[in-house]
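Heads up: the structure comes next, in structure tokens.
The values are calculated or read from the model by the stated rules, or taken from the named source; none is laboratory data. What you see is a predicted model, and the numbers here were worked out from it, not measured in a lab. Using ideal geometry, Cβ is built from the backbone for each residue, glycine included, and neighbour counts are taken over all protein chains shown. Please note that ligands, DNA and RNA were not included when accessible areas were found on the heavy atoms of the full protein model with its side chains. Shrake-Rupley method; radii C 1.70, N 1.55, O 1.52, S 1.80 Å.
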Amino acid sequence: MTPEQKKIMLRYSFIILLMVLVGIAIVIKAGVIMFAERQYWHDVADRFVKENVTVRPNRGNIISSDGQLMASSLPEYRIYMDFKAGGAVKDSLLMLHLDSICDGLHQIFPDMSAREFKNHILKGRKKGSRNYLLYPKRISYIQYKEAKALPVFNMSKYRGGFHEQAFNQRKKPFGSLAMRTLGDMYSDVTLGAKNGLELSYDSILKGREGITHRQKVMNKYLNIVDIPPIDGCDIVTTIDVGMQDIAEKALVDKLKEINANVGVAILMEVKTGEVKAIVNMTKCNDGEYREIRNNAVSDMMEPGSTFKTASIMVALEDGKITPDQIVETGHGVYMMHGRPMRDHNWHRGGYGAIDVTKVLMVSSNIGVSRVIDENYHNQPEKFVEGLYKLGIATPLNLDIPGAAKKPNIRKPNKDNWSKTALAWMSIGYETQVPPMNTLAFYNAIANNGVMVKPKFVKSIMKDGEVIEEIPTEVLNPAIASPKTIEQIQTILEKVVSIGLGKPAGSKQFHVSGKTGTAQVSQGKGGYKSGTMHYLVSFCGYFPSEEPKYSCIVAIQKSGLPASGGLMAGSVFSKIAERVYAKHLAQDLLEARDSTAILIPNVKDGDIAAAQYVLDAINIEANGYDEESEKPVWGQVSHSPESLTLTPKEVSEKKVPNVIGMGAKDAVYLLESIGLKVSITGMGKVRSQSIPAGNSIVKGKTILLRLK
């Protein structure tokens, strides 16, 4: 090769090398733009034309019944710095104000010192990063605005370099309170809700997205709104934060005391079905109790003795038994078709012969199973039909995802029925009923037979105004006849006042309800494999005379002791007393000064005796002013300024109307005409078991409920 050719080859080699180096440089630069500077060039692009940009609406709030914010969407931010934006001018301004910037950041974020911020910023400046994270944690909107006001940071992001990444975060101001019922959002809220009310009412809460595009108008780029976003509506729940807190504290205290596994407490308003509190607590590996799943609506478990109320009601409704009918329970062990049925006190000799009322008072397994087996053994389908009529198997179709579709109360057929099935089913085994369904059944008893659907949302609001009220839904207007309802109400009050439910009672007011203690089946292992597991519960309502709230407490635990009354009942009592105290309020009309003339609250009854007392205290009464040594039966009408006493004739052949009378006068009048009287409660007579006007049958018992 000649020298001339060598020179030519050298030139060609140089050119090829130069092209290779240029190519490598282009690839490197492309990589930097695609990855390291990706966000920056996206931001630059946003300054120019951009079509069909989705604008997210604000998600609606979830509000408690007492006006507290329970879930809301609040913005959070991460803050970044582009050290190449703005060029040398910005860089000189940054160094000039660096100390004041770092002092300001320290004031906003005290967990990092001003020196740490300074070293951190200088490190990013040295790297020349275009997307340098200034603070490692997400910050609030207020903190973001404070940081944005600092020198250099207050410039536009293309001149000063300070920019942010926004997150729409769902926050619960009350932390874990009712969290399983409220539900959760995905960490990226654009993906929507995962469970709870957030999911059930997602279409109402999420609103509607808007669309914008970026367009140059008179040498300026503007965001033009094509379709404005519509913010989501707020939902007002039935949950009362105060009651929820009361129920949660009472339940968790007991769970810790007895080292339980799972606990549920639900508080519901009788007339409306509004769920005022719902607590679901599971023991975690660290020993703490947390809301893991909504056990109150999803747990399909054998209810045990709380189911006995339904069994007895079926027999009462069918006229098979009466509350005073005697049942022989023997010495506490009874062979039921070759299989031993035991009462809890069998080792102490059992209860012997007791009436149906006491069967429920002491929760006798033998008593209930004998009543049902002897009356329905040859027609078990009639008993099961009776349960379905009572509504305890009614699907509630709740607004909570994951709720059980319906209780599992099987119907007899040749494949799944045995001789002992009816007896054990009658005491709450071989059936599965979620706690919420059991509560809805007892709530219907408290509501004089009207079964209402439990509800979690009261209304939907938009811009502070109610746009839709959620009405109370009646599932069954009468689960049983008024007579059966009154009989079971009387029995349930006695269960607590003098029966095994005493721990659920209160000295301040009457409570009605039923205890439950059941062994929990371990699937294929049956009831007695390994450690015994129990479900202890109490379901009832208060006050007995005019029920305001119904409540169920159900606790799952391992090993003995296990007592529905002592464990679940005591939690019920605490919830009831604290809720009752929370709502104690005096009528303002009773707040009178010392010069006011007080009109006493006089009951119906002996108006001659009432007149005598009124004369003695110088209170005038209209309508009657005679003296009589014998009772003069009548009615009293009240007004703010006066009383009117109206005599009424009492027939010796017809049952009189004693509603509104005091217990003393009512008992005196009824027994004077030959009736036997049984009373429950205190105050005035609210109802009588034999209606006024019926013919008198000497020696017959009439039940009076007082309030």
message: Between Val89 and His377, what is 0.36 nm times their sequence separation minus the Cα-Cα distance? Round to one decimal in nm.
response: 94.1 nm
query: Size of the dipole of the stretch 263-378 about the Cα centre, Lys and Arg at +1 and Asp and Glu at -1 on the beta carbon, nothing else charged, in debye to 20?
result: 220
- request: Keeping all protein chains in position, work out how much accessible area Lys406 exposes to a 1.4 Å probe, and write it in Å² to the nearest 10.
  value: 120
- prompt: How much of the accessible area of the stretch 335-404, probe 1.4 Å, is carbon plus sulfur, in whole percent?
  reply: 45
statement: Accessible-area order for Tyr541, Tyr158, largest to smallest, probe 1.4 angstrom, reads Tyr158, Tyr541
- request: Tell me the label-point distance for the pair Glu468, Met9, using the 7 Å Cα-to-Cβ offset, in nm and rounded to one decimal.
  value: 8.6
field: Segment Ser100-Lys126, length gained on full extension (0.36 nm per residue, minus Cα span)
entry: 7.4 nm
field: Charged-residue dipole, Cβ positions (Lys, Arg, Asp, Glu), the chain about Cα centre, Debye nearest 20
entry: 3900
query: So what is the accessible area of the chain per residue, in Å², with the probe set to 1.4 Å?
result: 51
message: Could you work out [θ]222 nm for the chain from helices alone, using -39500 (n - 2.57) per DSSP H run of at least four and dividing by all its residues? Round to the nearest 500 deg cm²/dmol.
response: -9500 deg cm²/dmol
- prompt: With each pseudo-label sitting 7 Å past Cα toward Cβ, what's the Asn408-Lys148 distance in nm, one decimal?
  reply: 5.6
- prompt: Along the charge dipole of the stretch 212-303, Cβ charges K/R +1 and D/E -1, which of Ile239, Asn280, Pro229 sits furthest on the positive end?
  reply: Pro229
message: If you roll a 1.4 angstrom probe over the protein chains with everything in place, what fraction of the accessible area of the stretch 206-307 belongs to carbon and sulfur, to the nearest %?
response: 50
Rounded to 10°, Cα long-axis angle of helix 3-31 versus longest principal axis of the chain: 20
- request: Determine the gain in length on full extension of the stretch Tyr612-Ser506; use 0.36 nm per residue of separation and subtract their C-alpha separation, reporting nm with one decimal.
  value: 34.5 nm
Exposure of Val474 as accessible area (Å², to 10), given a probe of 1.4 Å and all protein chains: 80
Distance in nm between pseudo-label sites at Leu17 and Tyr141 (7 Å out along the Cβ direction from Cα): 6.2
